[in-house]
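*Asks:* Before I ask anything, let me first share the structure, which is written out below as structure tokens.
The values are calculated or read from the model by the stated rules, or taken from the named source; none is laboratory data. For clarity, every value in this text was computed on a predicted model and none was experimentally measured. Backbone-built Cβ (ideal geometry, glycine too); neighbour counts: all protein chains shown. Accessible surface areas use protein heavy atoms only, side chains included; no ligands, DNA or RNA. Shrake-Rupley method; radii C 1.70, N 1.55, O 1.52, S 1.80 Å.
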Amino acid sequence: MSNEDFVLHAEAREDQGKGASRRLRHQGLVPSVIYGGTKNPQSISIIGKDFLKHLENEAFYSHIITLDVGGKTEDVILKDLQRHPAKPVVMHADFLRVSKNQKLTTRVPLHFINEDIAVGVKTQGGILSHTMTDLEISCLPADLPEFIEVDVATLELDSILHISDLTLPKGVESVALAHGEDHDLPIASIHKPKGASTEEASEEEGESEGEDSAE
């Protein structure tokens, strides 16, 4: 877990619309909005270079952020982010207010461990594929994990790891599983490399033909 405290400084803004947002970006600012809780949504602007620096840290995406707007602070999480398709520029950001007594819903990254020693990879010649790289969870702010660890050491060839196979931290629930077993989606699997079956069959045929010729 990261012990870093993330603080963002912002200013309230009154101007709305695409034109206003464009002007802010030309000034090196990121147009953003805070919503949720008992307050009305608030439009703000953030210094772009400071924001980009925080975005380089994976923990920032699943961490409680202290947002300082003109000297008044609020606890938020980053809920949505729009980046420029070709430039290192953030076009817009959404922040969700959080309360220590209310559960929040967000996505946290999955960290896969023991991939190189997984049974299906090391001893059975398979390839590990990731179906999911993050998971939507529900928890109180105090229980928000930076990431969820996925141990694939015992995963065998032709096996699939599902959400229900994860060991979630205390107080953390999967949003998908809350909707029922039908939403127990796959996270990772190990399968044979493409063409492996065909190559093995060809080798067996070659060995068989060699034996016949010898006879």
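*Asks:* Scan the range 19-42 residue by residue and report those that are surrounded by fewer than 16 Cβ atoms within 10 Å (Cβ to Cβ), at negative phi and not β-branched (V, I, T).
*Replies:* If the condition is that a residue be surrounded by fewer than 16 Cβ atoms within 10 Å (Cβ to Cβ), at negative phi and not β-branched (V, I, T), then G19, A20, R22, R23, H26, Q27, Y35, K39, N40, P41 are the ones that fit.
*Asks:* Quick check on the range 48-62. Is at least one of its residues among the aliphatic types (A, V, I, L, M), over 29 Å from G17 (Cβ atoms) and either at pLDDT below 95 or part of a strand (DSSP E or B) (or both)?
*Replies:* Yes: the range 48-62 contains one or more residues that are among the aliphatic types (A, V, I, L, M), over 29 Å from G17 (Cβ atoms) and either at pLDDT below 95 or part of a strand (DSSP E or B) (or both).
*Asks:* Those residues that are touching a residue at least 60 places away in the same chain (Cβ under 8 Å), more than 19 Å from E58 (Cβ to Cβ) and outside any strand (DSSP E or B), I need them from the range 126-161; list them, please. Don't jump to the end; show me each part of the working.
*Replies:* At the first step, the residues of the range 126-161 found to be touching a residue at least 60 places away in the same chain (Cβ under 8 Å) are 126-129, 141, 144-147.
Subset that is more than 19 Å from E58 (Cβ to Cβ): 126-129.
Listed by number, the list holds a single entry, G126.
*Asks:* Among the numbered criteria (1) in contact (Cβ under 8 Å) with a residue 40 or more places away in the chain; (2) farther than 27 Å from E149 by Cβ; (3) not polar (S, T, N, Q), which single criterion is violated by I65?
*Replies:* With respect to (1) in contact (Cβ under 8 Å) with a residue 40 or more places away in the chain; (2) farther than 27 Å from E149 by Cβ; (3) not polar (S, T, N, Q), I65 is out only on (2).
*Asks:* So which of R25, R13, R97 is at pLDDT 95 or above and more than 22 Å from T133 (Cβ to Cβ)? Quick ask: steps written out before the conclusion?
*Replies:* On the way: R25 fails: at pLDDT 95 or above; R13 fails: at pLDDT 95 or above.
Matching residue, one of R25, R13, R97: R97.
*Asks:* In addition: For the list (1) surrounded by fewer than 14 Cβ atoms within 10 Å (Cβ to Cβ); (2) among the β-branched types (V, I, T); (3) closer than 22 Å to L110 by Cβ, I need the number of the one condition that I65 fails.
*Replies:* (1)
*Asks:* Residue check, G120 against (1) outside any loop (DSSP other than H, G, I, E, B); (2) over 17 Å from Y61 (Cβ atoms); (3) open to solvent by 20 Å² or more (accessible area, probe 1.4 Å), all met but one. Which one?
*Replies:* That leaves (3) as the condition not met.
*Asks:* Condition first: small (G, A, S) and open to solvent by 50 Å² or more (accessible area, probe 1.4 Å). Now tell me which residues in the range 123-159 satisfy that.
*Replies:* Hit for the range 123-159 is A142, nothing else.
*Asks:* Could you please tell me which pairs satisfy a Cβ distance under 8 Å, a separation of 6+ or placement on different chains, a first residue in the range 97-119 that is on the phi > 0 side of the Ramachandran plot, and a second residue that is among the small types (G, A, S) and open to solvent by less than 30 Å² (accessible area, probe 1.4 Å)?
*Replies:* From the range 97-119, the pairs are N114/A153.
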